[in-house]
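Take a look at the structure set out below.
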Amino acid sequence: MQRLESAGARAVMERLAAAGYEAYLIGGCVRDSLMGRAPHDWDVATDAEPEAVLSVFGGQRVIETGLKHGTVTVLCGDEPVEVTTYRVDGEYSDGRRPDGVRFTRSLREDVSRRDFTINALAWNPSEGVLDLVGGEKDLEDGIIRCIGDADQRFSEDGLRILRALRFASELGFSIESGTKAAIFRQLPLLGRVSEERKTSELLRLLCGKNVLSVLEEYAEVVFALIPELRPTLGCLQNNPYHCYDVWNHIIHTVENIEPDPLLRLTMLLHDIGKPAANEASGIFFGHPEEGAKIAAGILERMRLDRKTQKTVLTLITVHDVKIPPDSRAEVRRWLGRLGEENLRRLVKIKFADNRAKRPEVWQARRPGFEALSALAEEVIASGCCCRLDQLAVDGKDLLSIGIPAGEALGQMLESLLGRVISEELPNEREALLCAAREALPQIAKPF
């Protein structure tokens, strides 16, 4: 078991105890420490009311994070420690935060309002772990269970539905049957949760080690978030390459790619256009472009930043392109169009996509994708010319030898770049100018 404290958290607990108050580490930091995982933050629960906490840490840097809800952040050097007074919550009229709280001297009352048993374990140096709701056994058994009445816990904050799935995905846990049933009963509550909060939890869920089983078991929760995905369930792929319907192919591709939020979100949406592009042949002509159109609205709704939206849409659009694994020129062209980072992402996407097809298809294609990956890295490392801004001549150079401005100038630059990429010409100034001069008599003709 990992040491259950940080220097800052210990100092906070000691100072509260010296002033005559109870103080326990509580929540995720205890859960993660018991699992041998490094906690991301440290939370202390105390019977000291907020004004008393401010008094105890007078002269020290504090942030009045959520004073009316009993939370003060104490800065120990650069380490923030959240100190929250034991409390009982009032009504949750907005489905997110209680309208008001009542402070209490009882840790048991405080623990009873929390979400899941594994998040309600407390600890301090003198008592060790204090478990008031059965969280230790659930942690040992790998169970996500609501504290008390699951329907009530979810009605207080609909985001807890996604948090349950996220914990199941990240920790590799299963969701207790009563909690699971309440999740499906309370799905409409997700409509009361802000898009930003839902997006944050979804991305973390997608990056969990247990993502495949969670997406299999809780597809309806994902469809409640992204209804555009629902038609993929049961959408058959009647061709010799696939062994799953579109939805089950999608979720296997999510598992197959590294746990990077952008890549996993791309895989979740990459084939969303197939139902709309369905053909009797099962080929799904045009599904990448159709998918990008559908995904554009989803990504906007998720409130993702513009760069992420643009990257995901680009990758969805190109995910099905064919790049010969032995064509240096084609790899250079795609490097010029996509850039280094997105070319590498595209190769990873192709691996993930094809691993989710029939095993014999993947085994037949795998050597080609490995060769493509190696060639892409070789081309990137070479620093060869793949874009106009890498060309050894520019528009001014071509104007100086008589190429007219406008469309003809652009066509000449593109023509020279194409000949450099195909290695017909070296990327050298004099060689390129010579080729341009030779083409001058044909300037009125299309390149």
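The values are calculated or read from the model by the stated rules, or taken from the named source; none is laboratory data. In this text, all values refer to a predicted model and were calculated from it rather than measured experimentally. Heads up, the Cβs are rebuilt from the backbone with ideal geometry, glycines too, and the neighbour counts pull from every protein chain shown. What goes into the accessible areas is simple: the full protein's heavy atoms, side chains included, and nothing from ligands, DNA or RNA. Shrake-Rupley method; radii C 1.70, N 1.55, O 1.52, S 1.80 Å.
Within the assembled protein chains, the solvent-accessible surface assigned to D41 is about 90 Å², based on a 1.4 Å probe.
In the context of the full set of protein chains, the chain has a per residue accessible area of 45 Å² (1.4 Å probe). Taking the radius of gyration and the Kirkwood hydrodynamic radius from Cα positions alone, what is the Rg/Rh ratio for region 1-78, to two decimal places? For region 1-78, the value is 0.96. Mind grabbing the accessible area of H249 for me, 1.4 Å probe, Å², rounded to tens? Answer for H249: close to 0 Å² accessible.
Using only side-chain charges placed at the Cβ, +1 for Lys and Arg and -1 for Asp and Glu, the dipole size of the chain relative to its Cα centre rounds to 760 debye. With viscosity 1.306 mPa s and temperature 10 °C, the Kirkwood radius over alpha carbon pairs of region 136-229 converts through Stokes-Einstein to a diffusion coefficient of 121 µm²/s. How big is D for region 342-447, in µm² s⁻¹ as a whole number, if Stokes-Einstein is applied with the Kirkwood radius of its Cα pairs at 20 °C and 1.002 mPa s? Estimated via Stokes-Einstein, D reaches 132 µm²/s. Rounded to the nearest 20, the size of the Cβ-charge dipole of region 71-200 about its Cα centre is 420 debye, with Lys and Arg at +1 and Asp and Glu at -1. For helix 359-382, what angle does its Cα long axis make with the longest principal axis of the chain, in degrees from 0 to 90 and rounded to 10? The helix 359-382 is inclined about 80 degrees to the chain. This structure gives log10 I(q)/I(0) by the Debye sum over Cα atoms at q = 0.06, 0.08 Å⁻¹, computed directly, and of [x] -0.25, -0.45; [y] -0.29, -0.53; [z] -0.40, -0.64 that value is listed as [z].
Relative to the longest principal axis of the Cα atoms of the chain, the long axis of helix 195-206 makes an angle of roughly 80 degrees.
About its Cα centre, region 222-369 has a charge dipole of approximately 380 debye under the convention of +1 per Lys or Arg Cβ and -1 per Asp or Glu Cβ, with nothing else charged. Each peptide in 393-400, 339-346 receives the mean, over its residues, of other Cβ atoms within 10 Å, and ordering these scores from highest gives 339-346, 393-400.
Counting only alpha carbon atoms, the long axis of helix 429-439 and the longest principal axis of the chain meet at about 50°. Helix content alone sets the calculated 222 nm mean residue ellipticity of the chain: runs of n ≥ 4 DSSP H residues at -39500 (n - 2.57) each, divided across all residues, give -15000 deg cm²/dmol.
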